[in-house]
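Let me begin by presenting the structure, written as structure tokens, before commenting on it.
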Amino acid sequence: MSPIITQEKRTIYRLKIEGFLEGFRRNRLGVLGIILLLVYIIAGLFAPWLSPYDPQQSQLLADAYAMPGWMKIFPQFSDYPNTINVTANWVVQQKTDSMAVEWGKTVNMVFNTTDTSETAEMIMNATFNYPYSVPPQRFVVTYDLLIGNITNTWYYAEMVIVNQAGNSTRIWILPFTDATTEVSPIRDSSDAWLVKELGYSDPKAVNVARSHVFTAPVKGTYTLAFHLYFRPDEGTPFASATATLGNAQVWIPGLVHGILGTDFLGTDVFSQLIHGAKISLAIGLLAAGLETSIGILIGVISGYTGGLVDEALMRIVDILLCLPVLPLLLTLVFVFGKNVFYIVILIGVFGWQGLARTIRSQVLVLRESSFVESAVASGAGKYYIMIRHIVPNIFPIAISSLVLSVPAAILTEAGLSFLGFGDPRTPTWGKMLNQAFGFGAFEKLAWWVAIPPGLAITFLSLAFVFMGYAIDEIVNPRLRRRR
Amino acid sequence: MGLRGYLTKRAIVALVTLFVIATLNFMIFQVISPLDPTRTFVDPKFTKAMRDALLAQYGLLEPIQTRYIKYITNIFTWNFGISFATMTPVVNELAWRLPNTVLLLGTALIGTVLVGLPLGMMAASRRGKKLDMLTLAGGLFANGVPVFFIQLIFLLFFSYYMFIWFGFQFFPSRGMVSIPAPTDPIRYAADVLWHLAQPALSLIVGGFGGWALYIRNMMIDALTQDYITTARAKGLSERSVLYRHAFRGILPPIVTILALSIPGIVTGAVITEYIFTWPGIGSWYLAGLLGADFPVVQAVFFLYALLMLIANLVADLLYGVLDPRVRVGIRR
């Protein structure tokens, strides 16, 4: 082909593309779609910087189904607690002279006596403030305790929380022993063992420690008290021991959290939402790209080659059109494994039939056109004609189909994930809905878990629907005239 | 090729398709699937003899080619085997589950068409007015929103929030009848209708927008045709032009799309039935899949494929009946 014609062709294509962009720019829906899509792309690309937490790593940021932080503007929620995490700063309240103590965040105690007829005792307090009038659902106290170098003495220890009414609740006890103790207890008020240790046998008394501690008045200062008691063996010349208490923390998961609250694991919903954009966009675009590529390939080959190849390919299309896609995808994902890569391929492989038919019928028309005839006459090969003459002419249909199959792929993936057939390792919106539905968000009326991911799917699909509609209007002159 | 020849050809193609689907069905579960269907219902503590006896009962010990031939002959004689989970013939359970699905989807489909069709026609006749813009927006929105999300919102609002606000569920959240079911037949029917309302309504809400938009666009296209100008020129009333001339013109594509949309609605109902725990074949399919109850999964899958095949055939044939041009085309 002479370079002059190529140049001409290039100009024609350039003008076509410019005209298309101009038309798109004037189309309000198209622009809206682009803006929406940009929002999602930005969210997807900058997810690690936009989201306050990594949804895969950070759980237990607050209580399960903590409501969005901004809901505090409503008077009935205004005093709901945020998460409180305090490190205890110990102050010795009372001790026997035989004990030498350094206190602060870590407490080091040395007990040494020659008068074994007397017991020794130490009480330390650490206070924390709970500034809300609504009690929390749960609290957790953790610390590391080492009592060692024990000579000729028995001892016992306990951890108590004292509320403002002066009631104390014992949350941990070490029975009398003379052995070395090295423990890191996690005392969780929702823990069934703790309930049992508090002396409740009623299995329904699940939150009994919490309701013991947080009685009216709820707002104010609480005291964590550690009590250590030594009883030396009588008749021995001396008794000694050392004790170290450190890393003592009180964690009270909040009932409000962040921008969109938390889910059933206490994970930040907003972060999950942002991270979902990337994966949904990727799945939608890849699956739609695969679909469209296969559709173009099969459509062009079938339409241009004709004969037996055409017949065979079209029968395959007929069969594929009779396959129930969602059940088939469910089955194949179940059989091959829940992997996001398979899901993309499966959506692509089972979604091209309609496009292939449309393109084939277009190619049948193009095949008879004069420019193909002249190309054949000037000795162009079959594949050359297909790629250089046929494919550019079906581009408008392909583009519009590509854009419109993105939302279809996104919705399909969301459906699969919602049914629990998504990739368990990727944070997708469908999975968020699945977990909301499966783990009791509805009973808790946690709309912030159920509605945002659904809206995210909807508006991402809408972005492509709007763009597809705009492209249709431009490439389909009949539609354009009507509007 | 005459009409009879055309029909014969279609029938043969349909049969071949069905055969291929049945084979595929067999392949997926008994050849490709790395899952051992015996794993879920054979206790690992069984001795080899016990296990083999149980497998023989389901015909799983025979060589693969015998199983294949048996499977194909069985499936074409409507024998879908014995469910691994319930140990009863699949057909028995299918017989009471299928009507439930038909009830739900029939209601939803009729509702969708009854709302979407008039809305689309009205929108087309009031082009550019408020109703038209609303239809356009609603239709585009319906294309983007997943139906199961609409259903979740329905559930959250009508079943859960209503219960908190008013002390009763506006619609029940699950099932097809109350437990225990009312004995009085009239009350029983009312109870089923009450349970039906939410899944059906949510399907209609999720579906009518797309329909209305589709019909509006076709109607607008039809209204630019020459025969409409002729009808108007004859002095016919606008009503007559719209509902007798233009509507007749777009009827064939509507019927086609209706027939072609049925399989999508039916298979999409897997999610609907899962959300509302509706005892139809969709939720059964899902449960069968999760429990590796392959006879059930194979049966429902085959049924779905059969339905799609019939829908495709009906769409093509009805198009010929409703559009004389196509009929002439066949005769030639």
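If the condition is being over 17 Å from B:Val300 (Cβ atoms) and either free of Cβ contacts under 8 Å to residues at least 40 places away in the same chain or not in a helix (DSSP H, G or I) (or both), then segment B:68-81 contributes B:Ile69, B:Lys70, B:Thr73, B:Thr77.
Checking the stated criteria, B:Ala311 turns out not to satisfy the condition of being at the interface with chain A (Cβ under 8 Å from one of its Cβ atoms) and under 12 Å from the mean Cα position of the chain (by Cα).
Looking across segment B:108-166 at every residue that is outside any helix (DSSP H, G or I) and among the basic types (Lys, Arg), the one that is most open to solvent (accessible area, probe 1.4 Å) is identified as B:Lys129. Scanning for something away from chain B (no Cβ under 14 Å), surrounded by 23 or more Cβ atoms within 10 Å (Cβ to Cβ) and in contact (Cβ under 8 Å) with a residue 40 or more places away in the chain, does segment A:341-349 turn up at least one residue? Within segment A:341-349, one or more residues are away from chain B (no Cβ under 14 Å), surrounded by 23 or more Cβ atoms within 10 Å (Cβ to Cβ) and in contact (Cβ under 8 Å) with a residue 40 or more places away in the chain.
A:Thr221 fulfils the conditions (1) at pLDDT 90 or above; (2) touching a Ser or Thr at 6+ places or on another chain (Cβ under 8 Å); (3) open to solvent by less than 20 Å² (accessible area, probe 1.4 Å) except for a single criterion, (3). Where helices (runs of 4 or more DSSP H) sit wholly within segment A:389-482, those with at least 2 residues that are within 32 Å of the chain's Cα centre (by Cα) and more than 9 Å from chain B (Cβ to nearest Cβ) occupy A:391-418, A:429-438, A:447-475. Among the residues of segment A:398-417, is any in contact with a Lys or Arg (Cβ under 9 Å, 6 or more places away or on another chain) and either closer than 25 Å to A:Lys16 by Cβ or without any contact (Cβ under 8 Å) to a residue 60 or more places away in the chain (or both)? Checked against the condition, which is being in contact with a Lys or Arg (Cβ under 9 Å, 6 or more places away or on another chain) and either closer than 25 Å to A:Lys16 by Cβ or without any contact (Cβ under 8 Å) to a residue 60 or more places away in the chain (or both), segment A:398-417 yields at least one hit. Selection of segment B:128-145 for residues being at the interface with chain A (Cβ under 9 Å from one of its Cβ atoms) and not aromatic (Phe, Trp, Tyr) yields B:Leu140, B:Asn143, B:Gly144, B:Val145.
A search for C-beta distances below 8 Å between a residue of segment B:172-201 that is farther than 24 Å from B:Gly282 by Cβ and any residue that is of a type in the set (Ser, Thr, Tyr) and modelled with pLDDT of 85 or more, counting only pairs 6+ apart in sequence or on different chains, returns B:Pro182/B:Tyr188. Of all positions in segment B:242-256, none carries a residue that is modelled with pLDDT under 90, open to solvent by 40 Å² or more (accessible area, probe 1.4 Å), facing another protein chain (nearest Cβ under 10 Å) and within 29 Å of B:Leu213 (Cα to Cα).
Considering segment B:167-184, the residues that are away from chain A (no Cβ under 14 Å) and open to solvent by 100 Å² or more (accessible area, probe 1.4 Å) include one that is nearest to B:Thr277 (Cα to Cα), namely B:Ile179. Of all residues being under 26 Å from the mean Cα position of the chain (by Cα) and open to solvent by 50 Å² or more (accessible area, probe 1.4 Å) in segment A:307-340, which is farthest from the other protein chains (Cβ to nearest Cβ)? Just the residue, please. Checking each candidate, the answer is A:Lys338. For segment A:350-388, filtered to residues that are assigned to a helix (DSSP H, G or I) and of a type in the set (S, T, N, Q), the residue that is surrounded by the fewest Cβ atoms within 10 Å (Cβ to Cβ) is A:Ser370. Residues of segment A:268-297 that are more than 22 Å from A:Ser461 (Cα to Cα) and either in contact with a strand residue (DSSP E or B) (Cβ under 6 Å, 6 or more places away or on another chain) or surrounded by 22 or more Cβ atoms within 10 Å (Cβ to Cβ) (or both): A:Asp268, A:Ile296.
Step by step: first the residues of segment A:136-163, then only those that are under 20 Å from A:Trp90 (Cβ atoms) and of a type in the set (S, T, N, Q), then the one that is most open to solvent (accessible area, probe 1.4 Å). Which residue is that? Among those that are under 20 Å from A:Trp90 (Cβ atoms) and of a type in the set (S, T, N, Q), it is A:Thr142. Counting residues in segment B:265-272 that are over 26 Å from B:Ala14 (Cα atoms), within 18 Å of the chain's Cα centre (by Cα) and touching a residue at least 40 places away in the same chain (Cβ under 8 Å) gives one or more. Flag set for B:Trp96, criterion: part of a helix (DSSP H, G or I) and under 23 Å from the mean Cα position of the chain (by Cα).
Out of all the residues in segment A:167-201, which are within 42 Å of the chain's Cα centre (by Cα) and among the small types (Gly, Ala, Ser)?
A:Ser168, A:Ser184, A:Ser189, A:Ser190, A:Ala192, A:Gly199, A:Ser201
Within segment A:94-107, the residues that satisfy the criterion of being open to solvent by 60 Å² or more (accessible area, probe 1.4 Å) and in contact (Cβ under 8 Å) with a residue 40 or more places away in the chain are A:Lys105, A:Thr106. The set of residues in segment A:1-48 being modelled with pLDDT of 90 or more and exposed (fewer than 11 other Cβ atoms within 10 Å of the Cβ) is empty.
If you filter segment A:28-83 down to residues that are outside any loop (DSSP other than H, G, I, E, B) and of a type in the set (Val, Ile, Thr), you find that the one that is farthest from A:Gly266 (Cα to Cα) is A:Val31. Counting only residues that are at the interface with chain A (Cβ under 9 Å from one of its Cβ atoms), open to solvent by 20 Å² or more (accessible area, probe 1.4 Å) and free of Cβ contacts under 8 Å to residues at least 60 places away in the same chain, segment B:273-308 holds 4 of them. If the condition is being without any contact (Cβ under 8 Å) to a residue 40 or more places away in the chain and of a type in the set (A, V, I, L, M, F, W, C), then segment A:55-79 contributes A:Ile73, A:Phe74.
The values are calculated or read from the model by the stated rules, or taken from the named source; none is laboratory data. Since the structure is predicted, the reported quantities are computational estimates derived from the model, not experimental observations. FYI the Cβ positions are ideal-geometry reconstructions off the backbone, even for glycines, and counts take in every protein chain you see. To get the accessible areas, we keep the full protein, side chains included, count just its heavy atoms, and leave off ligands, DNA and RNA. Shrake-Rupley method; radii C 1.70, N 1.55, O 1.52, S 1.80 Å.
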